[in-house]
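Engineer: Mind looking over this structure? Questions follow.
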Amino acid sequence: MALSHLKSSSSRSNLVKPLAAAFSLRRLISTSTDPITIETSVPFATHRCDPPSRTVETNPQELLSFFRVMATMRRMEIAADSLYKAKLIRGFCHLYDGQEAVAVGMEAAITKKDSIITAYRDHCTFLGRGGTLLEVFSELMGRQGGCSKGKGGSMHFYKKDSGFYGGHGIVGAQVPLGCGLAFAHKYNKDDAVAFALYGDGAANQGQLFEALNISALWDLPVILVCENNHYGMGTAEWRAAKSPAYYKRGDYVPGLKVDGMDAFAVKQACKFAKEHALKSGPIILEMDTYRYHGHSMSDPGSTYRTRDEISGVRQERDPIERIRKLILAHDLATEKELKDIEKEVRKQVDEAIAEAKESPMPEPSELFTNVYVKGLGVEAYGADRKEVRAVLP
Amino acid sequence: MATIFQGLRGGAAAALTNSIDSKKLLSRSTRRSLSERKVSFPVVRSDGSVNLNPGGSNARARRVDQLITNAVATKADSSAASSTSKPGHELLLFEALREGLEEEMDRDPHVCVMGEDVGHYGGSYKVTRGLADKYGDLRVLDTPIAENSFTGMGIGAAMTGLRPIIEGMNMGFLLLAFNQISNNCGMLHYTSGGQFTIPVVIRGPGGVGRQLGAEHSQRLESYFQSIPGIQMVACSTPYNAKGLMKAAIRSENPVILFEHVLLYNLKERIPDEEYICNLEEAEMVRPGEHVTILTYSRMRYHVMQAAKTLVNKGYDPEVIDIRSLKPFDLHMIGNSVKKTHRVLIVEECMRTGGIGASLTAAITENFHDYLDAPIVCLSSQDVPTPYAGTLEEWTVVQPAQIVTAVEQLCQ
């Protein structure tokens, strides 16, 4: 799909830069899966293991798809920001912009049979696992078309058929669940792994270490991924953790520290981790990443960090800019073509929002569905086996 | 999906000492289909109109008639056994639990057990003895002492389709896993819009034992009862222990099975053939006319002991073991209230916020017009359970108190 769009946009620019456009057009089509090697900019730091190679193989198709997916994720989060301010999204809304490389790089290294479970900053991970923009916006606005039928909200995105297990509001509680997913993989002998994502704030939860102990004992194929964006809501990591080297905190479990703003470093690390987990049990990955927004929409994000810091990271380490520079450096597309992709993404997001706004609110009877499986006589009941006594409109 | 049998027992009185032989088992052909239940679920309204499940009520009424001749609070006559049912086999309650567990593990390879010391040690109350040797380390899992995380792991595994049985060595330890049970176990089916089912069984012994101390004598049913999305059942005899265990494992919903520390060595004769007990039905222990006594778990035996005294004094109490703590079987309870017009609830929970409190509210709301007297609820005192034997006795409801309460109620 990326190819056809680029083709059309390059034909438009044929008038302006015929040679260059034709050159890139030819280059793109003919070398779409030819390998390109890229060096990750930051070396891996290791704990009890050998680092994977810093040389990553990719190809133009993957580069462009990374760009497109990350641009979609970025645009989606910014649109969610505006929707929240317009009071169409209520409650909690935790945005992932800045951290897109983790979702995209991880997805590139694994299959849909592997499981991913994360906390409440899950919009982009859901998208990476195959969710659609319509499902995202409908769920955020509490409509029927949402992935959880409007009953979950921002923190409860799930997609069972592609191995995305959510979407959890309580900090750290998803890590034992993730180890349970890995247990099921081992039980079913299906050669798949479970990625349990958590943040630097959750890294201090006891249940994490409990689950890690059990996983190491039973050799479960689980990969604990700490998305370290350096702030647990308003508390900086140095104020919350005696040892902010989260990849070392597994003690007997090997760990790897990865530049989380570099999608290829993330991809390499996840591939390495999957191999390790299937062979020798759990491993911890620490993704050094950053979020531009505050913790959630009710947090301005500037009371505990300076605006200079935020803009500094945006200038130097932004994941999308990195991919853009790579694409331009390898002459896979022109600036204009990339801008066109972004415009197209923006249009897709706007269309999805418009369609989501059309989606109806859930029916009142939906209040009682899915409390228990198969209804058991009534859909839901309290102590007296009746539905709620109030008359529903 | 669950095939529902109702094995009713005649004369379950004095189950402590005697084996009960007469049971009326519903044949497989009268299995109630779920669609039937959806159309006419039993709803008892406060104005007295009752909408019953037609098949079920008639069968139940018939069984009640047949029960009365056998149901006296004295030794059950073993010769009155129904000659059509097989003799069955005798076992202790923990063995019945194990039998149910083993049958389900044989039947479905997705069933696994996890808990502290359930494997090599055989279970702290011997419920899982021998299972680790038979099924291996991956199906009978010894966990470290980390309730929060292994409960979470069980729930995570259930999200993919496994059916773990999570054992808390003592129910009180599951307080550490409250977050996982409440937020993940109870709510995931709802917040995922129906994508995930969590078919876990969380079980363990609770209740006041013999001088075990405050922290090991907790009654967690009162804490768990308002969690949406879970079902709670309490077993009290080897028969219903095995039946409820099997039904809980087969259920697609998360079920918490409350056992009692002091009931594990009860002996009873149970059928050889396979059976399960309905997770949402109460058990008629002793039909009567004068007062309805609702109870569950260990208090059932205190009530039956009091019933002996009451019968000698000329009262005819109807004793119902409610078994299903969430949801309540208001159908059977309602019918009983309509008959006797007096209710006594005897429970082991604390006075404040216990199962009795919810049950009082439910009965008052639904059957207020049928009551001749206020509902009396006998519960444990609102204190941490003391160690000293005499104090511990006073914490829990004793048969003498039950007799007094019935006498006062029936004045």
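Computed from the coordinates by the stated procedures, all read-outs in this text should not be read as laboratory data. Only a predicted model underlies this, so the values are computations on that prediction, with no experimental measurement involved. Note that each Cβ is placed from the backbone with ideal geometry, even for glycine, and that neighbours are counted across all protein chains shown.
Engineer: Could you list which residues have their amide H under 5 Å from that of residue B:345, counting only those 5 or more apart in sequence or on another chain, with H placed in the peptide plane?
Structural biologist: Here B:294, B:376, B:377, B:378 satisfy the definition.
Engineer: Divide by every residue of chain A the summed helix terms, -39500 (n - 2.57) for each DSSP H run of at least 4, and state the resulting mean residue ellipticity at 222 nm, rounded to the nearest 500 deg cm²/dmol.
Structural biologist: Rounded to the nearest 500, it is -13500 deg cm²/dmol.
Engineer: Under the Karplus relation 6.51 cos²θ - 1.76 cosθ + 1.60, θ = phi - 60°, what is the ordered set of whole-Hz ³J(HN,Hα) values for segment B:380-395, x standing for Gly and Pro?
Structural biologist: Computed from phi, the couplings for segment B:380-395 are 5, 6, 7, 9, x, 5, x, 7, 4, x, 5, 5, 5, 4, 6, 5 Hz.
Engineer: Let me confirm one metric for peptide A:207-213, namely the mean number of other chain beta-carbon atoms within 10 Å of its residues' beta-carbons.
Structural biologist: Neighbouring Cβ atoms belonging to other protein chains average 6 per residue here.
Engineer: Kirkwood Rh over alpha-carbon pairs of segment A:210-315, then Stokes-Einstein at 37 °C and 0.692 mPa s: what D in µm² s⁻¹, rounded to an integer?
Structural biologist: Here the translational diffusion coefficient equals 218 µm²/s.
Engineer: Now for a separate question. Take A:125, B:292, A:111, B:309 and order them by how many other Cβ atoms sit within 10 Å, fewest up front.
Structural biologist: Ascending number of Cβ neighbours within 10 Å: A:111, B:309, B:292, A:125.
Engineer: What spacing in nm lies between the two simple spin-label points modelled at residue B:393 and residue B:312, each 7 Å away from Cα in the Cβ direction?
Structural biologist: 1.8 nm
Engineer: Further question on the same structure: Inside 10 Å of the C-beta atoms of B:135-142, what's the mean count of C-beta atoms belonging to other chains?
Structural biologist: Shielding by partners across B:135-142 averages 2.
Engineer: Now a separate question. Normalised by the residues of chain A, what does the relative contact order come to in percent, with Cα pairs under 8 Å and at least six apart?
Structural biologist: Computed over chain A, the figure is 20 percent.
Engineer: Going by how many other Cβ atoms sit within 10 Å of their own, how do A:334, B:151 line up, fewest first?
Structural biologist: Final ranking by Cβ density, sparse to dense: A:334, B:151.
Engineer: Still on this structure: Distance in nm between label sites at residue A:275 and residue A:316, each 7 Å beyond Cα in the beta-carbon direction?
Structural biologist: 3.2 nm
Engineer: Over segment A:3-362, how many percent of alpha carbon pairs lie in each 20 Å bin up to the one with the longest distance?
Structural biologist: Histogramming segment A:3-362 at 20 Å steps yields 30, 58, 12, 0 percent.
Engineer: To the nearest 20 debye, what charge dipole does segment B:290-411 have about its Cα centre, counting +1 at the Cβ of each Lys and Arg and -1 at the Cβ of each Asp and Glu?
Structural biologist: Using Cβ point charges on Lys, Arg, Asp and Glu, segment B:290-411 gives about 220 debye.
Engineer: So what is Rg over Rh here for segment B:91-270, counting just Cα atoms and using Kirkwood for Rh?
Structural biologist: When Rh is taken as the Kirkwood radius, the ratio is 0.94.
Engineer: Using r as the Cβ-Cβ distance of residue A:55 and residue A:81, and R0 as 41 Å, what FRET efficiency do you calculate, to the nearest 0.05?
Structural biologist: 0.65
Engineer: Sticking with this structure for a sec: How do B:153, B:114 rank when sorted from fewest to most other Cβ atoms within 10 Å of their own Cβ?
Structural biologist: Sorted ascending by nearby Cβ count, the order is B:114, B:153.
Engineer: Aspartates and glutamates within cross-link reach of residue B:308: Cα-Cα under 17 Å, excluding same-chain residues under 8 positions apart?
Structural biologist: B:77, B:289, B:316, B:318, B:321, B:407
Engineer: To continue, here is another question. Sort out the exposed loop trypsin sites (Lys or Arg not before Pro) in chain A (DSSP loop, at most 11 other Cβ within 10 Å) and tell me the longest stretch that has none.
Structural biologist: Longest gap between qualifying sites, sites excluded: A:243-388.
Engineer: Let me ask you something else. Could you check how many percent of all C-alpha pairs in segment A:34-164 are farther apart than 25 Å?
Structural biologist: Every Cα pair in segment A:34-164 considered, those over 25 Å come to 33 percent.
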